[in-house]
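Reviewing the structure listed below.
Readers should treat all values here as calculations from the given coordinates under stated rules, not as data from a laboratory. Small disclaimer: the values here were computed from a predicted structure and weren't measured. Quick reminder, even Gly has a Cβ in these numbers, built from the backbone with ideal geometry, and neighbours come from all protein chains shown.
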Amino acid sequence: MAFELKPLRYWNDALEPYIDTKTIEIHHWAHHKTYLDKFNAAISGSEYETWQLEKILANLELLPESIRTIVKNNWWGYYNHNIYFDWFIPWGSQLPLELWELFDKYFDSFEKFKEDFTNVAINTFGSWRACLARRWKDLVIYSLFNQETALMKWDVPLIMLDVWEHAYYLKHQNKRPAHIWDFFNIVDWNRVLDLYKDYRPL
């Protein structure tokens, strides 16, 4: 049975003015869906249709060589976009005290975390994402290139900012810092904390 596109938790226009409706329509319902369609076509009729998402990512070497690259690129793209879209909430949420304390512990403050995360998001070149992840109990920030995922590092991805130009070019053109500022206004920090405390596969 084919995998299905995970629906958004909000209406297409719910993230205005931070992410415009047209970008959501193109990014989620076209770009994101294309990853899934190509993946489904590659595994159609095989046993891999019954595997969980994380199992496929962790066992790519077991897949036939003829479909391995297609599966890797498109399944990772689908997985990363699930995280990206799932951690937004209209107008954002208040930062829970427990998460505030974690940012104080690992980055000295929430503002310092935002500064470090922003620097990663601005300064890495190419097709990639900025990621906040849980490594054991620690919090770490790093770049993920192309279709890499935090699971490759045995980390739990908490938030990922998509800085490929298709994520913001309709609204901001080449002004990536404006896209990053918008991002911090719509993160669901309660969901981030829940994932840090009790990870469940997406």
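Annotations
- GNM result for the chain, Cα springs below 10 Å: residue of 129, 68, 176 fluctuating most strongly: 68
- Only alpha carbons enter this Debye calculation for segment 97-197, each as an equal point scatterer, and the log10 of I(q)/I(0) it gives at q = 0.12, 0.13, 0.18, 0.25 Å⁻¹ is -0.38, -0.45, -0.86, -1.49.
- Value at 222 nm in deg cm²/dmol, rounded to 500, when DSSP H runs of n ≥ 4 in the chain each add -39,500 (n - 2.57): -13500 deg cm²/dmol
- Relative intensity, log₁₀ I(q)/I(0), of segment 21-86 from a Debye sum that treats every alpha carbon as a point, q = 0.15, 0.29 Å⁻¹: -0.47, -1.34
- Comparing 50, 124, 34 in a Gaussian network model of the chain, where Cα atoms under 10 Å apart are tied by springs, the biggest mean-square fluctuation is seen for 50.
- Chymotrypsin sites (Phe, Trp or Tyr not before Pro) restricted to DSSP loop in segment 94-202 with at most 16 other C-beta within 10 Å: 125, 136, 154, 164, 199
- Taking the number of Cβ atoms within 10 Å of each Cβ as an exposure proxy, the fewest-first ranking of 79, 35 is 35, 79.
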